[in-house]
1. Mind listing whichever residues of segment 23-49 are outside any helix (DSSP H, G or I) and surrounded by 11 or more Cβ atoms within 10 Å (Cβ to Cβ)?
2. Residue by residue through segment 50-74, note down the ones that are exposed (fewer than 13 other Cβ atoms within 10 Å of the Cβ), more than 16 Å from residue 18 (Cβ to Cβ) and under 21 Å from the mean Cα position of the chain (by Cα).
3. Taking residue 6 as meeting all but one of (1) in contact with a helix residue (DSSP H, G or I) (Cβ under 9 Å, 6 or more places away or on another chain); (2) loosely packed, with under 13 Cβ neighbours inside 10 Å, write down the number of the exception.
4. Could you list, ordered by first residue, the pairs with Cβ atoms under 9 Å in which the first is in segment 14-32 and on the phi > 0 side of the Ramachandran plot and without any contact (Cβ under 8 Å) to a residue 60 or more places away in the chain and the second is in a helix (DSSP H, G or I) and surrounded by 15 or more Cβ atoms within 10 Å (Cβ to Cβ), at least 6 apart or interchain?
5. Going by the structure shown, is residue 20 modelled with pLDDT of 95 or more and assigned to a helix (DSSP H, G or I)?
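The values are calculated or read from the model by the stated rules, or taken from the named source; none is laboratory data. As the structure is a prediction and not an experimental result, all values here were calculated from the model. In this analysis, Cβ positions are derived from the backbone assuming ideal geometry, glycine residues included, and neighbour counts consider all displayed protein chains.
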């Protein structure tokens, strides 16, 4: 496994954990009706988006060089 593959694997794990935490907070809000939990879940959306953007950026940067990108995509 190359370093790029390892980094992508770890970033995917980060994204999945962020999504699970978000869904857990939404479920906790549903059970309790607490506005504090809802606002915390809303803030977790930022973590989910950041995790998914990290996956995308690592995926693109791992592409090999081509005619348009002679030094690679990273």
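1. Here is the first cut: in segment 23-49, the residues outside any helix (DSSP H, G or I) are 33-34.
Passing the criteria: only 34.
2. Scanning segment 50-74 gives 60, 63, 74.
3. Looking at each condition in turn, residue 6 falls short on (1).
4. As it stands, the answer is none, since no pair meets every condition given.
5. Working: modelled with pLDDT of 95 or more: yes; assigned to a helix (DSSP H, G or I): yes.
Yes: the conditions hold for residue 20.
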